[in-house]
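What follows is a set of notes on a single structure, which appears directly below.
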Amino acid sequence: MITHGSYAVEPWTVRETDLSLDVLAQSESVFALSNGHVGWRGNLDEGEPHGLPGSYLNGVHEVHPLPYAEAGYGYPESGQTVINITNGKVLRLLVDDEPFDLRYGRLVSHERVLDLRRGVLERTCDWCSPAGTRIRVRSTRMISLTQRSIGAVSYEVEAVDCQTRVVIQSELVANEQLPQTKGDPRAAMALEAPLQPEEDFARDNRLRLVHCTRNSGLRVAVAADHVVSGPERTTT
């Protein structure tokens, strides 16, 4: 349970009025989106900092052996662990070649709102870089309830008080480093880089990665397409 003062009580919405890294992992669970097939934890768009990165696909798991000192009737030979699949929600931002990272510079304001009526997560961030460049970032994230394999992110960057050069990097990230857990070490071994690469593709604004789980033999394909708009001289 989060008892932090940054969380307001409102009908049909969950609102976080300030970013507290102390409860980052809990807030990622609160702001998670899912349709029962695809699930995204409420990680920040830029990927870091994070408590636990998480992108999940229903049924995708890894198998790990369950050895015993003495065999017994009915003992399972293996266990199954849900794994983190390829992350397609990462959008890294560079402001005049400085990475957008809330641990540095000055965070003027930060708000996230989970709208339970529309099923979207909205974020507004006002940030000043270590060099003094101020920007405003707005994002809206959703998981489709009608097309179960689709998630989408709208990402907008606005210079507040000066002209600036921004670069946005949209990434597909596989085998993300997960924090160490104190659970079953056999399951931890299964989660260590479980996705084996099979195919990669990048052309124009489209990306695709295909992997296969090492032991369970499940094939996972994640693709991304982009629609980009901006001022004159915007290039991709």
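Summary table below
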{"read-out": "Candidate set from region 95-114 (those that are under 18 Å from the mean Cα position of the chain (by Cα) and assigned to a strand (DSSP E or B)); member that is farthest from SER6 (Cα to Cα)", "value": "PRO99"}
{"read-out": "Residue in region 57-77 that is surrounded by 14 or more Cβ atoms within 10 Å (Cβ to Cβ) and part of a loop (DSSP other than H, G, I, E, B) present", "value": "yes"}
{"read-out": "Checklist (1) closer than 26 Å to VAL160 by Cα; (2) open to solvent by 70 Å² or more (accessible area, probe 1.4 Å); (3) touching a residue at least 24 places away in the same chain (Cβ under 8 Å) applied to LYS89, failing item", "value": "(2)"}
{"read-out": "Lone unmet requirement of (1) in a loop (DSSP other than H, G, I, E, B); (2) farther than 29 Å from HIS226 by Cα; (3) in contact with a Leu (Cβ under 9 Å, 6 or more places away or on another chain); (4) of a type in the set (Val, Ile, Thr) for THR3", "value": "(3)"}
{"read-out": "Of all residues in region 206-236 being assigned to a strand (DSSP E or B), among the aliphatic types (A, V, I, L, M) and closer than 30 Å to GLU77 by Cβ, the one that is most open to solvent (accessible area, probe 1.4 Å)", "value": "ALA221"}
{"read-out": "Flag for VAL167 being out of contact with any helix residue (DSSP H, G or I) (no Cβ under 8 Å at 6 or more places or on another chain) and either basic (Lys, Arg) or open to solvent by less than 30 Å² (accessible area, probe 1.4 Å) (or both)", "value": "no"}
{"read-out": "Condition met for THR140 (within 18 Å of the chain's Cα centre (by Cα), of a type in the set (S, T, N, Q), at negative phi and surrounded by 12 or more Cβ atoms within 10 Å (Cβ to Cβ))", "value": "yes"}
{"read-out": "Candidate set from region 17-54 (those that are of a type in the set (Asp, Glu) and at pLDDT 95 or above); member that is nearest to GLY151 (Cα to Cα)", "value": "ASP45"}
{"read-out": "Within region 16-39, tally of residues that are within 18 Å of LEU191 (Cβ to Cβ) and hydrophobic (A, V, I, L, M, F, W, C)", "value": "1"}
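The values are calculated or read from the model by the stated rules, or taken from the named source; none is laboratory data. Just so it is clear, the model here is predicted, and its values are computed rather than measured. FYI the Cβ positions are ideal-geometry reconstructions off the backbone, even for glycines, and counts take in every protein chain you see. We work out accessible area using only protein heavy atoms, side chains counted, and drop any ligands, DNA or RNA first. Shrake-Rupley method; radii C 1.70, N 1.55, O 1.52, S 1.80 Å.
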